[in-house]
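The values are calculated or read from the model by the stated rules, or taken from the named source; none is laboratory data. This is a predicted model, so every value here is computed, not measured. For neighbour counting, all protein chains shown are included, and Cβ atoms are generated from backbone atoms with ideal geometry for every residue, glycine included.
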Amino acid sequence: MSVSLNLARSAMGLAMLAALPALAQSHDHHAAPAASVMDHSKMDHSTMDHSGMDHSQMGHAQHDAAALPREPIPAVTAADRAAAFPAIDHAAMQHAPSINSLLLVDRLEQWDGRHGTGQAWEASGWIGGDINRVWLRSEGERSGGRTDAADLEVLYGRSISPWWDVLAGVKQDFRPADSRTWAALGIQGLAPYKFETSATLYAGSGGQVMATAEVEYEVLLSNRLILQPMVEATLAARDEPAQRIGRGLNKVEAGVRLRYEFSRRFAPYIGISHERLFGDTADRADADHVRDTRWVAGVRMWF
């Protein structure tokens with residue numbers, strides 16, 4: 001029996017020896033997850049020694065090297081300043097001339113109306129400086145091969161604001177039947193919303209006083225195609241039966257012209273114009289001439 005007991009003990013010992021590696025592997029397998037999960041909240045970072053850590057190996061050195069320029073910017077020298085700000089030779093500078101001039105032919109046209117065909121013109125020009133100028137204005141009309149009306153104005157103009165001039169001078173009418181000289185006083189300029197406006201008062205011989213007012217506006221359909229409506233009115237202070245002029249509002253002309261600017265200096269146009277007489281002026285005129293609608297074609301240019 002003792003022999004049998006010894007054999008049993010030896011078999012149990014051998015079985016335990018054989019099972020030891022498996023038990024060790026199983027223990028490591030179950031303990032690994034516990035070791036991999038660390039509670040950093042309980043770590044005392046204040047006791048960690050960072051002095052031995054090499055931060056230059058943590059990617060900062062490469063970033064700082066890329067941010068710095070390859071070549072340092074040189075310091076600004078006196079030669080650099082002299083090249084950037086050269087000395088100004090005032091004697092060699094070109095100044096704008098103090099005297100300038102302009103001639104604008106606003107209308108040079110052929111018209112075709114109910115009572116025939118004819119020609120008409122309207123032009124203005126000036127010479128002088130920014131404040132004081134001498135103005136020339138002229139307009140007229142021809143039909144049937146003769147001049148129905150023509151005038152010339154010589155005016156002194158003074159700028160009273162960036163947009164307005166006051167004018168004073170004389171006007172001379174040239175007509176086949178008679179001629180008259182007028183003293184003129186007026187104003188012209190650019191009203192708000194870019195309305196070109198002019199109003200002139202004329203005092204002539206015989207105590208007659210007349211006034212004209214004109215308003216124009218330019219509608220830019222494109223950079224070169226421009227629509228220009230206009231209205232002009234004439235008034236008289238007294239009756240002149242011999243001249244077929246009535247007191248009050250005696251004539252209104254309204255029209256619209258469409259021009260194409262091949263250049264700013266040259267622009268052909270087409271349009272339509274309507275003229276109507278009022279009051280005693282209409283009563284003294286021929287019945288067929290109280291109203292007239294005309295088709296016009298012409299050119300606008302300036303020098």
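Numbers for the structure displayed
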quantity	calculated
All positions within the stretch 244-265 that are part of a strand (DSSP E or B) and of a type in the set (D, E)	E253
Residue selected from the stretch 243-290 under the condition hydrophobic (A, V, I, L, M, F, W, C) and under 25 Å from R224 (Cα atoms), by the criterion surrounded by the most Cβ atoms within 10 Å (Cβ to Cβ)	A267
In the stretch 164-190, residue surrounded by the fewest Cβ atoms within 10 Å (Cβ to Cβ) [restricted to those that are at pLDDT below 95 and more than 17 Å from S138 (Cα to Cα)]	A177
So G128, is it under 18 Å from A211 (Cα atoms), among the small types (G, A, S) and at pLDDT 95 or above	no
Members of the stretch 280-303 found to be closer than 17 Å to I245 by Cα and part of a loop (DSSP other than H, G, I, E, B), listed by number	A285, D286, V290
Residue under evaluation D148, criteria (1) among the charged types (D, E, K, R); (2) over 34 Å from the mean Cα position of the chain (by Cα); (3) over 22 Å from G271 (Cα atoms), criterion not met	(3)
The stretch 199-209 - residue that is assigned to a strand (DSSP E or B) and not aromatic (F, W, Y) and, of those, farthest from the chain's Cα centre (by Cα)	G204
Residue within the stretch 79-98 that is surrounded by 11 or more Cβ atoms within 10 Å (Cβ to Cβ) and part of a helix (DSSP H, G or I) present	yes
Some residue of the stretch 266-279 being small (G, A, S), in a strand (DSSP E or B), without any contact (Cβ under 8 Å) to a residue 40 or more places away in the chain and closer than 30 Å to S159 by Cβ	no
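For every residue, the table says whether it meets (1) hydrophobic (A, V, I, L, M, F, W, C); (2) in contact with a helix residue (DSSP H, G or I) (Cβ under 9 Å, 6 or more places away or on another chain).
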position: R238; (1), (2): no, yes
position: G246; (1), (2): no, yes
position: V256; (1), (2): yes, no
position: E261; (1), (2): no, no
position: R264; (1), (2): no, no
